[in-house]
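Colleague: Here it is, the structure, as structure tokens.
The values are calculated or read from the model by the stated rules, or taken from the named source; none is laboratory data. Note that the structure is a prediction, hence the values are computed from the model and not measured. Please note that ligands, DNA and RNA were not included when accessible areas were found on the heavy atoms of the full protein model with its side chains. Shrake-Rupley method; radii C 1.70, N 1.55, O 1.52, S 1.80 Å.
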Amino acid sequence: MNREVINILLVDDDSLIYRFVRRVLDESSGPIEFIIETVEDLAGTLELLNQKSFDLVLLDLGLPDSDGIDTVKKVHTSNPDVPIVVLTGSSDEMGVEAIKEGADDYLVKGKFSSDLLVRSIRYTLERKQTQ
């Protein structure tokens, strides 16, 4: 049986988030294999998105070279077809604002479970395929 492969670009400068996401996706059962590539800043993100194809971006809003909603705007403008799930350390309000600027979903750091992360990724990808 072939497993579906989902290529994810995780943009976050916090190694704890990377380890959490990696563990959760490695442990998620089912026919999906998650391949995760990481980058820690906006410049590296834009460069990598122009070089490779990703199915989804998990995007932190607080990066060393970009902060807040501008981060979403720049990633979305550069690659409008790549779904974005924002990881925000602040509030639901910031997540809603990110969706207005092109993100497909958001999760508040410290308030989401492994099930919610996997569900958000799957839902976002499914929704993009039907558009």
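Colleague: From Cα pairs below 8 angstrom and at least 6 apart in sequence, can you work out the relative contact order of the chain, rounded to a whole percent?
Modeller: 22
Colleague: Need one word for segment 66-131: rounded, prolate or oblate. Basis is the Cα gyration tensor (sqrt eigenvalues a ≥ b ≥ c); a/c below 1.5 gives rounded, then a/b vs b/c decides.
Modeller: oblate
Colleague: Once phi is turned into ³J(HN,Hα) by the Karplus curve 6.51 cos²θ - 1.76 cosθ + 1.60 with θ = phi - 60°, what whole-Hz value does each residue of segment 108-125 show in order, with x for glycine and proline?
Modeller: After applying 6.51 cos²θ - 1.76 cosθ + 1.60, I find 8, 4, x, 10, 10, 9, 5, 4, 5, 4, 4, 4, 4, 4, 5, 5, 4, 5 Hz.
Colleague: Each residue of segment 94-100 in turn: what ³J(HN,Hα) in whole Hz from Karplus with 6.51, -1.76, 1.60 and θ = phi - 60°, glycine and Pro shown as x?
Modeller: For segment 94-100, the Karplus-derived couplings read 5, x, 5, 4, 4, 5, 4 Hz, x marking Gly and Pro.
Colleague: To the nearest 10 square angstrom, what accessible area does K52 show with a 1.4 Å probe?
Modeller: 90
Colleague: Given a 1.4 Å probe and every protein chain left where it sits, what share in percent of the accessible area of the chain is carbon and sulfur?
Modeller: Accessible surface attributable to carbon and sulfur in the chain totals 46 percent.
Colleague: How much accessible area per residue does segment 75-131 have, counting only protein heavy atoms and a probe of 1.4 Å, in square angstrom?
Modeller: In whole numbers, segment 75-131 has 55 Å² accessible per residue.
Colleague: Please work out whether the chain counts as rounded, prolate or oblate from its C-alpha gyration tensor, where a ≥ b ≥ c are the square roots of the eigenvalues and a/c under 1.5 means rounded, while otherwise a/b larger than b/c means prolate and anything else oblate?
Modeller: Rounded is the answer for the chain, as its axis ratio a/c remains below 1.5.
Colleague: Here is a follow-up. Which whole-Hz ³J(HN,Hα) couplings does segment 11-25 yield from phi under the Karplus relation 6.51 cos²θ - 1.76 cosθ + 1.60, θ = phi - 60°, glycine and proline marked x?
Modeller: Per residue, the Karplus-derived 3J(HN,Hα) values read 10, 6, 9, 9, 5, 5, 5, 4, 5, 4, 4, 4, 4, 4, 6 Hz.
Colleague: Turning to a different aspect of this structure: Before I look further, what does segment 1-66 give for accessible area per residue, probe 1.4 Å, in whole square angstrom?
Modeller: 53
Colleague: Something else now. For K73, list the aspartates and glutamates whose Cα falls under 15 Å from its own Cα; do not include residues on the same chain fewer than 8 positions away.
Modeller: D41, D60, D65, D81, E97, E101, D104, D105
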